[in-house]
Amino acid sequence: MEALNSLLQGFSVALSFTNIALMFAGVILGVIIGVLPGLGGANGVAILLPLTFSMAQTPGGQTSAIILLSCIYWGALFGGAITSILFNIPGEPWSVATTFDGYPLAQKGRAGTALTAAFTSSFVGAAVGVIVITFLSPIVAEFALEFGPPEFFGVYLLTFCAFVGMSKEAPFKTIVAMMLGFALAAVGTDTVTGTLRLTFGTATLLTGFDFLVAVIGLFGIGEILLTLEEGLEFKGASARINVKVVFETWRELPRYWITSLRSATIGCFMGIVPGGATPASFMSYGTAMRFSKDGEKFGSGVVEGVVAPETAAHAAGTSALLPMLTLGVPGSPTAAVLLGGLLIWGLEPGPLLFVEQKNFVWGLIASMYLGNVAGLIVVLTCVPLFAAILRIPFSVIAPIIIVICAIGSYTVHNATFDIYMMVVFGIIGYLFKKVRYPLAPLVLAVVLGDRAEASFRQAMLMSHGDMSIFFSNKLVGGLTSLALILLFWPMASGAVALLRNRLRRE
């Protein structure tokens, strides 16, 4: 009941003309970002984050700023399906599974049905994710108030190990990316001793690498360079949605309510763990194909094959904000960027945020409900306009995006050095994508590396260097044990597979 009362109070904060206008503006910008394969939700939020600095300094401006950024994220989640269905080009990584049945449906002349199913399923998945945040956030935040340095390090360790154990990438690649992120996070002034680390006598590195510049370079510039190299061209089906198609599709969708519920559950779990929206979409698609009566038809243009990945991806993308708000641990790259934004504005994500900034938190949660509705309205009514953007040659769009990235990087500290660093990080991002190394663990380590280090060192000071402090009670012991299980899970599962193969041969 308390959660509902707080939510109603949040609606009173979010329901202002300015915030509603920002919702629609954010959704429209987000859809454009999602439509263009050279961008992405994390990069779109990162590029526009510097523009919110002045906004966040005004009374109530922090709430308006986070509403704008979260709605950009919302729009990017919706927009990725447009290119997947019409052009067979995933606008976002989590939209890859949508192409399996979405594009064949469009080729059959049912693009409107596929788009309506995708947008509606996205709406349902996001709604479930927001409901989970609404009712679990206060419980998790209250529970987390009991955390000390050992417990917080246990949470960070669990997050890092989850990325290693549950990533679709090879564990070695994930660890390499994460180690590079830790090295970048260590640059600057040691917050405990005040000594300089890895600055090499450069005054501009006294404060370390700004995560925002790193994210803009890694995701934005890196993706643009790769896309230009591949010579992207857009060829696909026409984009038309009318009222008749929408209502016909809505009448059909209740048949797949079990698939939607199962996919939303998978998505929420993968978002909180964190596993991510991309693994959630593939897992949900595979599960739906296995349990569906039409499983053998998947891949040839089945509506259920669109419902499953879109529901899971949006449930995961939304629920990833739960650990970010309650524990200060992002569940996705975009959540990591939002976490950095809160830190820049002087807010400390975690359990105390629900106590000290109650209006901010519940205003954000209320805006998620409203932004989800705004997103559905925008995409259902404006699909042809967004699809028309893809008629512009990418060679024209790419320089515009690069200029926007440069402006965003410069705005962080008003320093030309940040533009140079953006280019360096862009090259790193390009190389990572070429050799298929994941960027999400690197970004996660850059954002959380120094905080994890601080918690570890504080715990060591408390225990006088005794590592057993991470098993000193049931809570921290459980977190540490679970983290170690996830860390060595790929190795254990590989050993089990080898043992089974040997037994079969014998």
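The values are calculated or read from the model by the stated rules, or taken from the named source; none is laboratory data. Only a predicted model underlies this, so the values are computations on that prediction, with no experimental measurement involved. FYI the Cβ positions are ideal-geometry reconstructions off the backbone, even for glycines, and counts take in every protein chain you see.
Being free of Cβ contacts under 8 Å to residues at least 40 places away in the same chain, part of a helix (DSSP H, G or I) and in contact with a helix residue (DSSP H, G or I) (Cβ under 6 Å, 6 or more places away or on another chain) is a condition met by no residue of the stretch 436-451. For the stretch 148-201, enumerate the residues that are buried (at least 21 other Cβ atoms within 10 Å of the Cβ), β-branched (Val, Ile, Thr) and modelled with pLDDT of 80 or more. Correct list: 174 only.
No other residue among 431, 370 is modelled with pLDDT of 80 or more and more than 27 Å from residue 120 (Cα to Cα) apart from 431.
Name the one entry in 476, 447 that is more than 25 Å from the chain's Cα centre (by Cα) and surrounded by 16 or more Cβ atoms within 10 Å (Cβ to Cβ).
Working: 447 fails: more than 25 Å from the chain's Cα centre (by Cα).
Testing whether each residue is more than 25 Å from the chain's Cα centre (by Cα) and surrounded by 16 or more Cβ atoms within 10 Å (Cβ to Cβ) leaves just 476.
Listed by position, the helices (runs of 4 or more DSSP H) contained in the stretch 289-367 that have at least 3 residues being at negative phi and either crowded, with 21+ Cβ neighbours inside 10 Å or modelled with pLDDT of 80 or more (or both) are 304-319, 321-327, 333-344.
Only residues that are touching a Lys or Arg at 6+ places or on another chain (Cβ under 8 Å) and surrounded by 15 or more Cβ atoms within 10 Å (Cβ to Cβ): list them for the stretch 401-442, please. Correct list: 437, 438, 439. For the stretch 451-473, the set of residues classified as modelled with pLDDT of 80 or more and within 28 Å of the chain's Cα centre (by Cα) consists of 452, 453, 454, 455, 456, listed by residue number. Regarding the stretch 384-399, can at least one residue be identified that is at pLDDT 80 or above and either under 23 Å from the mean Cα position of the chain (by Cα) or closer than 30 Å to residue 149 by Cβ (or both)? No, every residue in the stretch 384-399 fails to be at pLDDT 80 or above and either under 23 Å from the mean Cα position of the chain (by Cα) or closer than 30 Å to residue 149 by Cβ (or both). State whether one or more residues within the stretch 403-416 are out of contact with any Cys (no Cβ under 9 Å at 6 or more places or on another chain), more than 30 Å from residue 80 (Cα to Cα) and assigned to a helix (DSSP H, G or I). Taking every residue of the stretch 403-416 in turn, at least one turns out to be out of contact with any Cys (no Cβ under 9 Å at 6 or more places or on another chain), more than 30 Å from residue 80 (Cα to Cα) and assigned to a helix (DSSP H, G or I). If you go through the stretch 100-135 and pick out every residue that is surrounded by fewer than 21 Cβ atoms within 10 Å (Cβ to Cβ), modelled with pLDDT under 80 and either assigned to a helix (DSSP H, G or I) or under 22 Å from the mean Cα position of the chain (by Cα) (or both), you end up with 1.
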